[in-house]
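Below: the structure, in C-alpha cells.
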Amino acid sequence: MTTTELSSNDVWIEKSTERRSDEELTVRFEIESCCEKTVAIRFVDSISREFGTEDVAVDHVDRWGIRPSGELVWLGSVAPGDVVEAHYAVRLSDSDPASLESLEQRPRLDGIRQLSDDTRVPPAWQSADDLERPAHQVPSLESTVDRDETGGDDGSGSAGESGRTTDRAASDDRPGDDTAVDVDRYRLRISIADAERATAGTAVVHGLANATSLVEGTPSVSEIRDGSFDGAISLTVESALDDRLITNALESIDGVESVDAAVLETDVGGDASRSEPSTRDVFDDLRESIEPAEPDAIEAELSTTSFKPVECDGSGDWSVATGPDAEEVSITDLVGETQPETTKGDRSTTSGDDVDHDAVVDALVEALEGDGGESRAVKLRDALGLESRRSLETRVDHLQSRTEAVLAYEDALAAFLDENGTAALLEELTARIEHLEDDVGRLRDDLERLGAEGSDRDERIDAVEGDLDGLEAELEDVIAWREQLSAAFESPAAER
C-alpha cells in the first residue's frame with residue numbers, strides 16, 4: 001500500500017492505493033475539512049491513458065465525473081471535522097508498471113466553495129461542461145451484490161460506503177463491452193424532497209446516465225436539473241442492471257425520499273426496438289406521395305412519339321435500321337385508327353373521338369415483347385420521361401441518407417437543448433454576465449481611487465520623513481550644545 005497526502009486551505013486529502021488482487025487495484029481517498037462551515041470540494045485525480053473507462057469503476061456515480069482528457073473528478077460536500085471517504089477500482093490486466101506509478105500521484109485540488117446551511121453542492125459545479133462531464137461512461141461500484149448474498153467479505157472485494165463489494169462478473173458484462181447482455185426496461189417513480197430538487201435532481205440524472213438509457217419520461221432532463229418540477233419524476237429506462245441495484249443507488253442520493261421500480265419488459269435488446277425505417281418503407285412513402293399520371297397526359301405524350309425500326313445483324317446485336325424502308329412508325333401506325341364498338345359495360349371509350357386505352361396497352365405490350373423489345377422499352381421509357389430502376393434506387397438511397405442525417409440532427413438538437421437549455425437560459429446568463437461586468441467596472445473605479453489616495457499618502461509620508469530629518473539635525477545640535485555646557489560647568493568645579 002502506498003499513501004500520498006495533499007493539504008491546502010484547511011482541506012486535507014489522503015490518497016492510498018491497495019492491490020486487492022492480480023487483476024484489481026483500489027484507490028481510496030479520505031477527505032477532511034478544518035473549515036468553520038461546510039464546504040464543497042472538488043479534486044481531480046489523473047490516471048494513465050492506458051486505462052480506459054471500461055477499466056474504472058467508481059463508488060458513487062453522483063459524486064464522480066470524467067473529463068475529456070480522462071481525468072476523474074470528485075465533487076462533494078464535507079462538514080467541519082468530518083472525514084468523507086471515496087474510492088474507485090481499476091482493472092489492471094497486463095498494465096505497464098509506469099501506468100501503475102501514475103495511480104500513486106497526488107490528486108489536484110480543483111476548487112473549494114463555502115456552502116450555506118441549505119445547500120450541499122453548487123449546481124453550477126454539477127452542470128458546467130467546461131469543468132466536468134457526468135460519468136456516463138464510468139461503470140459504478142454500486143453494481144454489486146450484498147455481503148450476505150456472497151457469503152460475507154472474504155477480503156477479495158473492495159468495500160464501498162454502502163457495505164457492498166464489487167462484483168467483477170457483473171462488471172465484465174456491463175453495457176459497452178463486447179459481451180452480449182440482457183437489457184430490461186423499467187418504469188421508475190422517484191420522489192424528491194422540495195428543498196433538494198435542484199441538487200438531488202441533478203444527482204439522479206447523473207446517476208441514471210451512468211448505466212441506463214432513457215426512453216421517455218416526465219419532467220424533461222433540463223427541468224430536473226433546474227429543479228423546476230413538483231418533486232415527482234417518472235422515467236422509462238433500459239438497463240442491463242437489476243432493478244434492485246438501480247433502486248439502492250438512487251435511494252443513497254441525499255434528498256431522494258422514495259424510489260419505486262417496476263419491470264415493464266425483459267430482454268428488449270437495447271436499441272434494437274428503435275430501428276430505422278427500411279428502404280421499402282421509404283419507397284412506399286414516396287410512392288404514395290407521387291401523384292399518378294392522367295391517361296390523357298399519357299395519350300398526348302404517346303401521340304407525339306415515334307418509334308424507329310431496329311434490325312439484327314446476325315450476331316445477336318441490335319441496331320437502328322438504315323435501309324430504304326426504315327421509316328419511323330407512330331403510335332397510330334402501331335395501334336391503328338379503328339375503334340371498337342362502345343358497349344354499356346365496357347371499360348373502353350364512350351365516344352368515337354376517344355382512344356381505347358386497353359387496346360393501346362395491348363399493342364404496346366405485343367410490340368415490346370417482339371424482337372428488339374428491350375431496345376424499344378428503353379426508348380419508350382425515355383420518351384415517357386421515366387427513369388431506370390437502378391437510377392430510382394440510387395435516388396431513394398440518397399433520399400434515405402438525407403433523411404437519416406435530418407433525424408440525427410434532430411436528435412442532436414434535442415440533446416443539446418436538454419443539456420444547455422433554451423434561449424431563455426442564454427438570455428439569463430447574458431444578463432448575469434452584464435451585471436458582473438458592471439460590478440467589475442465599479443471595482444476598477446474603486447481601485448483607481450484607492451491608487452490615487454495611496455499616492456497622496458506617499459507624498460505625505462515623504463514630507464514627514466523630511467521633517468524628521470530636520471528634527472534629527474536640530475536634535476544633534478542640541479545634544480552637542482548640551483555636552484559643551486556640561487563640560488563648561490565641570491571645569492570650574494574641578495579647579496576648586
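The values are calculated or read from the model by the stated rules, or taken from the named source; none is laboratory data. All values reported here derive from a predicted model rather than from experimental measurement. Glycine also receives a Cβ, built like all others from the backbone with ideal geometry; neighbour counts cover every protein chain displayed.
From Leu417, Leu436, Leu426, Leu413, grab the single residue that is of a type in the set (A, V, I, L, M, F, W, C), closer than 29 Å to Thr202 by Cβ and either surrounded by 12 or more Cβ atoms within 10 Å (Cβ to Cβ) or touching a Ser or Thr at 6+ places or on another chain (Cβ under 9 Å) (or both).
That would be Leu417, the only listed residue that is of a type in the set (A, V, I, L, M, F, W, C), closer than 29 Å to Thr202 by Cβ and either surrounded by 12 or more Cβ atoms within 10 Å (Cβ to Cβ) or touching a Ser or Thr at 6+ places or on another chain (Cβ under 9 Å) (or both).
Does Glu434 satisfy the condition of being at pLDDT 90 or above and under 47 Å from the mean Cα position of the chain (by Cα)?
Considered against the rule, which asks whether it is at pLDDT 90 or above and under 47 Å from the mean Cα position of the chain (by Cα), Glu434 comes out as yes.
Could you check how many residues of the range 251-268 are part of a loop (DSSP other than H, G, I, E, B) and either crowded, with 21+ Cβ neighbours inside 10 Å or of a type in the set (Ser, Thr, Tyr) (or both)? Write out each step before concluding.
Going through the range 251-268, the residues part of a loop (DSSP other than H, G, I, E, B) turn out to be 252-255, 266-268.
With the extra rule that they be either crowded, with 21+ Cβ neighbours inside 10 Å or of a type in the set (Ser, Thr, Tyr) (or both), the set shrinks to 252-253, 266.
Residues that pass the stated criteria total 3.
Considering only residues of the range 5-33 that are at pLDDT 80 or above and hydrophobic (A, V, I, L, M, F, W, C), which is nearest to Leu100 (Cα to Cα)?
Leu25
Between residues in the range 252-263 that are among the charged types (D, E, K, R) and residues that are surrounded by fewer than 12 Cβ atoms within 10 Å (Cβ to Cβ), which pairs lie under 6 Å by C-beta distance while being six or more apart or on different chains?
Taking only residues 6 or more apart or on different chains, not a single pair turns up.
Could you name every one of the helices (runs of 4 or more DSSP H) located completely within the range 162-250 that has at least 1 residues being modelled with pLDDT of 80 or more and of a type in the set (A, V, I, L, M, F, W, C)?
197-211, 221-226
Of the residues that make up the range 387-405, is at least one surrounded by 10 or more Cβ atoms within 10 Å (Cβ to Cβ), modelled with pLDDT of 70 or more, within 30 Å of Arg225 (Cα to Cα) and among the hydrophobic types (A, V, I, L, M, F, W, C)?
yes
Do you know which residues across the range 194-220 are β-branched (Val, Ile, Thr) and under 24 Å from Asp242 (Cβ atoms)?
Val204, Val205, Thr212, Val215 - these are the residues of the range 194-220 that are β-branched (Val, Ile, Thr) and under 24 Å from Asp242 (Cβ atoms).
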